[in-house]
Amino acid sequence: MKNDSNSRRKFLNNGLKAGIATVIGGIGLSKMATKLNAKTDGKKVELMTTDGHLVEVDASEIIEEKTTNSKSYTVREGFKNKKFVMVVDLAKCKNALKCVSACNKHHYITGKNAWLKVYKMQESKDTAPYWMPTACQHCDQPACVTVCPVDATFKRRDGIVLIDNNRCIGCRFCMAACPYSTRVFNWSEPDQGDITLNLSMEQETQPSPEHGGLPSIKGTVDKCDFCPHEIKKGKLPHCVAACPNGVFYFGDKYEDTVTNGDETLRFSKLLKDKSGYRLMEGLGTEPSVYYLPPVDRLVDFEKGLKQYDEYQSVKKSE
Amino acid sequence: MENYDNLLNDLAPKKFGKVGVIWTCSLIAIIIVGIIAYIDQLIKGQIVTNMRDYALWGIYISNFVFFVATSFVGSVTVAILRLTKNKWRTPLVRIAEIISLAAIAMAGVTIMIDMARPDRLLNLFIHARLQSPITWDVIIIPTYIVISFLLLYFPLIPDFAILKKHFKDKNPVLSKWYGKLSLNWKGTAVQKALQEKSIRIIALMIIPVGLILQTIDAWLFSTTYRIGWDSTNMGPYFIAGAFVAGIGALVTVVYIVRRAYHLEAYITDFHFDKLGKLLVLACLTYLYFNINEYLLPAYTVTKDESVHLNTLFSGSYSPIFWAVTIIGLIFPILFLLFKKGRKPLPMFIIGLVVVLASWWKRYLIVTPTLLHPFLPIQGVPKSWHHYFPSIHEWLITLATLAMALLIITLLVRFLPIIPIQRTADEQALLNNEKDTKS
Ligand code: SF4
């Protein structure tokens, strides 16, 4: 676990460095001006340039670029210049269900249908069965967004599809439209217990589409939110961080990197090397979630059967 | 003149007899029970229904589609009968328009019953997005309600004036109301010209609007990827289905009104014969589209589709499917092809069967498809794999049906169900012809 959070922090650090590196170009011009005012306290900061070299610069020379700071971030627009993607390596999945329980816990899922489920799949009688974790695919051509009459479910520039459950009218058209059956509905008053307590603990002041399930509202739709609340903190989505087998990789398509917390890989290369594909590509929904086929498996499918429960995805004790 | 008085006495609205009162009271009772069930649904949420994440739409949507389909009868009678100047329509159009208005109004109510957050209804206008088929519905349904209303109202104006006079001494209050509704109708040439023109415009409008309404209804389904819905056949298929449901409802109501008001002299076997021919035409068209919808896919069937078709042909939904197809479509065609089948009583029974089958047909369109998603149903309670409406759903459904019937009943009670003025004119014309001939 410790290892995990370390590598997460590394991910964050790298991201920050890369971000700052892009700013550095701008420094040249403004250098003169700032130098006049800045107090040089001799603090050095390590930065990475665009071609991958580490350089040390004086802390006072760093100017935060206004466009990338949090003020220009809006819930409906998302993170600037990002395109989040996920890669799920089916060869590694043992149905450990840690992803599901982490997701359920952090999104206060108390219904009977989890947002992230591990499906027991078998294409036909003669082919090998495998485990397939599936949540919202965050499609680039999202059918749910097209049909929503009130723009309650929306697509952001960074690729994430979210739901504004303060606006949703509960028509469930989006659920009918989704070919991945990923949306869940609050048929009754969600029994999330002391969620308001948690709200203040998480220092979230306002319920927002960015943290689905916090709180859920009766008569509205919920689904996997790709954890923007974690990304904001520089962390990985809960499922990615929780998986003991490194099945999930998460990252930014523009940076072409994805990480599962342990290893960071080139996104394009990973897909190429391992023949990545997307679910129901033929429908044209253009998902943001990619799958690596369950080949050369080191894991035994049978072992996952112990945890498998066809009729339950949310354990009540969680 | 004596003739005219007879006519007026026959056709002016009459007080209900005992049966009428019992009928109305039972409708009101059913509605009250339904309202209680609905309030319970509002408080507890839609958990009181048997819809769940997979069967995410249920009979509310079936009811909605059914009501929309039935409301098509207004367009059809206008399209086929008014514009082609078929004389035999006179005693039937008003009933058709009343059914149409009641059905479309209840379609609007039903879709709100299905909405889990009716308190946010205004969002549909504040945040409307034009690309969603629901927004198209939000536009087209009120439009159709208004047009149906006007189409009912405009031809009524002269009759209201007649009734004002007729009830002057018998029932002054009612007379006053008829007077107000008649908008000072004097029957002058200017007024007549204006009225005729207005009716013509509305009659022309209701046909395209009706077609659009049915098509949008179909698009609610075919804009999704779901197997059994994702079909380009849906639009015409729904229009043909609406044709059947509408005429079926018309036959049923006409029969009851005729008996209740003793209008045998005005609505004759001849009318039923004509209606029967219309219904058989509708059924044949629908059969054609059914073949397109179910038989052709069976040839190029994909794996997912075969699962879907199998549940209909031989699986858990097959009893309903075959009942709807054989009893609700093929039998009516066979009976109606014979002259004896087009007599009033058989027609009434056939109409009733057709309407019932139409409702179940919509149930079959909505439910089985939802229970066959692309990914297997896993990780949810066993009961979520099936769907059958809950008590709440049935009670609310019955209440909406009762409400539609109550609207029809009240309109039948207070409106001259057969246009008095027109009938008088036509009879005068007939008599004149006779006179000149003899
Ligand atoms: S259920 Fe809510 S999010 Fe889904 S389409 Fe309807 S309004 Fe939009």
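The values are calculated or read from the model by the stated rules, or taken from the named source; none is laboratory data. Everything numeric here is computed off the predicted structure, so don't read it as measured data. When we count neighbours, we look across all protein chains shown, and the Cβ atoms used for this are built from the backbone with ideal geometry, even at glycine. Heads up: the accessible areas ignore ligands, DNA and RNA and are worked out on the full protein's heavy atoms, side chains in. Shrake-Rupley method; radii C 1.70, N 1.55, O 1.52, S 1.80 Å.
Before moving on, here are some points about what is shown:
- Among the conditions (1) at the interface with another protein chain (Cβ under 8 Å from one of its Cβ atoms); (2) away from the ligand (no atom under 16 Å from the Cβ); (3) open to solvent by less than 10 Å² (accessible area, probe 1.4 Å); (4) not in a loop (DSSP other than H, G, I, E, B), the only one that A:Ala114 does not satisfy is (4).
- Extreme residue, farthest from the other protein chains (Cβ to nearest Cβ), among residues of segment B:11-46 that are under 22 Å from A:Gly111 (Cβ atoms) and surrounded by fewer than 18 Cβ atoms within 10 Å (Cβ to Cβ): B:Asp40
- When each of A:Ile169, A:Ile217, A:Ile231 is tested for being modelled with pLDDT under 95, among the hydrophobic types (A, V, I, L, M, F, W, C) and within 16 Å of the ligand (Cβ to nearest atom), the lone residue that passes is A:Ile217.
- Cβ separations smaller than 8 Å between residues 6+ apart or across chains give no pair from segment B:377-398 residues that are within 13 Å of chain A (Cβ to nearest Cβ) to residues that are assigned to a helix (DSSP H, G or I) and open to solvent by 80 Å² or more (accessible area, probe 1.4 Å).
- The set of residues from segment B:288-328 being touching a helix residue (DSSP H, G or I) at 6+ places or on another chain (Cβ under 6 Å) and at pLDDT 85 or above comprises B:Phe289, B:Glu293, B:Thr311, B:Leu312, B:Tyr317, B:Ile320, B:Phe321, B:Val324, B:Gly328.
- All told, A:Tyr277 falls short of being open to solvent by 70 Å² or more (accessible area, probe 1.4 Å), in the same structural domain as A:Pro179 (by TED's automatic domain parsing) and over 11 Å from A:Val88 (Cβ atoms).
- Residue within segment B:368-382 that is surrounded by fewer than 19 Cβ atoms within 10 Å (Cβ to Cβ) and assigned to a helix (DSSP H, G or I) present: yes
- Picking from residues in segment A:133-150 that are closer than 25 Å to B:Gly58 by Cβ and part of a loop (DSSP other than H, G, I, E, B), the one that is farthest from the ligand (Cβ to nearest atom) is A:Cys136.
- The set of residues in segment A:82-105 being in a strand (DSSP E or B) and not aliphatic (A, V, I, L, M) consists of A:Phe84, A:Asp89.
- Looking only at segment A:178-200, and only at residues there that are outside any loop (DSSP other than H, G, I, E, B) and modelled with pLDDT of 95 or more, the one that is surrounded by the most Cβ atoms within 10 Å (Cβ to Cβ): A:Phe185
So that you can scan it fast, the table gives a plain yes or no per residue for (1) assigned to a loop (DSSP other than H, G, I, E, B); (2) surrounded by 20 or more Cβ atoms within 10 Å (Cβ to Cβ):
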{"site": "A:Gly219", "(1), (2)": "yes, yes"}
{"site": "A:Lys235", "(1), (2)": "yes, no"}
{"site": "A:Leu265", "(1), (2)": "no, no"}
{"site": "A:Pro287", "(1), (2)": "yes, yes"}
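- The residue list B:Val78, B:Val109, B:Val73, B:Val65 contains one member that is open to solvent by 10 Å² or more (accessible area, probe 1.4 Å) and touching a residue at least 60 places away in the same chain (Cβ under 8 Å), which is B:Val109.
- Residues that are part of a helix (DSSP H, G or I) and either of a type in the set (Ser, Thr, Tyr) or more than 16 Å from the ligand (Cβ to nearest atom) (or both) do not occur anywhere in segment B:120-132.
- Residues of segment B:302-352 satisfying the condition of being out of contact with any Phe, Trp or Tyr (no Cβ under 7 Å at 6 or more places or on another chain), surrounded by 15 or more Cβ atoms within 10 Å (Cβ to Cβ) and closer than 16 Å to B:Phe270 by Cα: B:Leu336
- Test result for A:Val247, touching a residue at least 40 places away in the same chain (Cβ under 8 Å) and open to solvent by 30 Å² or more (accessible area, probe 1.4 Å): no
- Scanning segment A:151-166 for residues being more than 6 Å from the ligand (Cβ to nearest atom) and either assigned to a strand (DSSP E or B) or within 10 Å of chain B (Cβ to nearest Cβ) (or both) gives a total of 8.
- Count of residues meeting criterion [more than 9 Å from the ligand (Cβ to nearest atom) and more than 24 Å from the chain's Cα centre (by Cα)] in segment A:172-193: 5
- Some residue of segment A:85-94 being open to solvent by less than 50 Å² (accessible area, probe 1.4 Å), over 17 Å from A:Pro228 (Cα atoms) and within 12 Å of chain B (Cβ to nearest Cβ): no
- Pairs linking a residue in segment B:153-176 that is within 12 Å of B:Gln421 (Cβ to Cβ) to a residue that is open to solvent by 90 Å² or more (accessible area, probe 1.4 Å), with Cβ atoms under 7 Å and 6 or more positions apart or on different chains, are B:Ile157/B:Leu183.
- Taking the conditions (1) crowded, with 18+ Cβ neighbours inside 10 Å; (2) within 14 Å of another protein chain (Cβ to nearest Cβ); (3) touching a Pro at 6+ places or on another chain (Cβ under 8 Å) in turn, A:Gly304 satisfies each one other than (3).
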